[in-house]
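A.B. asks: This is the structure I want to talk about, given as structure tokens.
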Amino acid sequence: MPNILPQAANMNRGAWLLTEEITECYRDIDELLIIGGVIWGDNAEDDYFVKSHGVRTPDAFWKVIIRGSGQNERAIAWVIPNSQEATKKNLDKYLVKVDQIEKVTGEVIPVADYAKHEKPSQSWLIPTGCNKG
């Protein structure tokens, strides 16, 4: 449901799009579990659609991708600000540990404990030859 909420254009066509491309490529390699959501803030100044549609604007969007199982289970997680600065080239700035998302959202992400505390140094690379569509 996060995709139906108000999103900054550069974020939607930038960092968020790259997470979707990563998902498209890795689902051809392995079974994935993708979980995402929003982080609400208290900045009423960016709630452009409250009067017209009754919808607040999220401060950020988060996504977790889990692949593998057992000792081979891996997760990658991002908290992407809902801003024009959230471009593809900035995606790695938004990498977080899964347990950070759990703390902020109260959600329990179903991934092995060891994977909750790891943060990759960079986002998963798009595999060569991947058809992103």
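A.B. asks: Would you check which residues across the stretch 6-25 are touching a residue at least 24 places away in the same chain (Cβ under 8 Å) and within 16 Å of residue 89 (Cα to Cα) and list them?
C.D. replies: Passing the criteria: 8, 9, 10, 11, 14, 15, 16, 17, 18, 19, 21, 22.
A.B. asks: For the stretch 74-96, name all the residues that are more than 24 Å from residue 6 (Cα to Cα) and open to solvent by 60 Å² or more (accessible area, probe 1.4 Å).
C.D. replies: 74
For (1) of a type outside the set (Phe, Trp, Tyr); (2) over 20 Å from residue 26 (Cα atoms), each residue gets a yes or a no:
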{"residue": "48", "(1), (2)": "no, yes"}
{"residue": "51", "(1), (2)": "yes, yes"}
{"residue": "96", "(1), (2)": "yes, no"}
{"residue": "100", "(1), (2)": "yes, yes"}
{"residue": "105", "(1), (2)": "yes, yes"}
{"residue": "108", "(1), (2)": "yes, yes"}
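Each row is one residue, and each column tells you yes or no for (1) assigned to a loop (DSSP other than H, G, I, E, B); (2) of a type outside the set (A, V, I, L, M); (3) over 16 Å from residue 17 (Cβ atoms).
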position: 85; (1), (2), (3): yes, yes, no
position: 93; (1), (2), (3): no, yes, no
position: 99; (1), (2), (3): no, yes, yes
position: 111; (1), (2), (3): yes, no, yes
position: 125; (1), (2), (3): yes, no, no
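A.B. asks: Hey, among 46, 28, which residue is without any contact (Cβ under 8 Å) to a residue 40 or more places away in the chain, of a type in the set (D, E, K, R) and either surrounded by fewer than 14 Cβ atoms within 10 Å (Cβ to Cβ) or more than 16 Å from residue 126 (Cβ to Cβ) (or both)?
C.D. replies: 46
A.B. asks: Collect the residues in the stretch 97-128 that are among the aliphatic types (A, V, I, L, M), within 20 Å of residue 32 (Cβ to Cβ) and either surrounded by fewer than 16 Cβ atoms within 10 Å (Cβ to Cβ) or in contact with a helix residue (DSSP H, G or I) (Cβ under 7 Å, 6 or more places away or on another chain) (or both), keeping them in residue-number order.
C.D. replies: The answer is 98, 108, 109, 111, 115, 125, 126.
The values are calculated or read from the model by the stated rules, or taken from the named source; none is laboratory data. Everything numeric here is computed off the predicted structure, so don't read it as measured data. So basically every Cβ, Gly included, is an ideal-geometry build from the backbone, and we count neighbours across all protein chains shown. Just the protein is used for accessible areas: all its heavy atoms, side chains included, with ligands, DNA and RNA removed. Shrake-Rupley method; radii C 1.70, N 1.55, O 1.52, S 1.80 Å.
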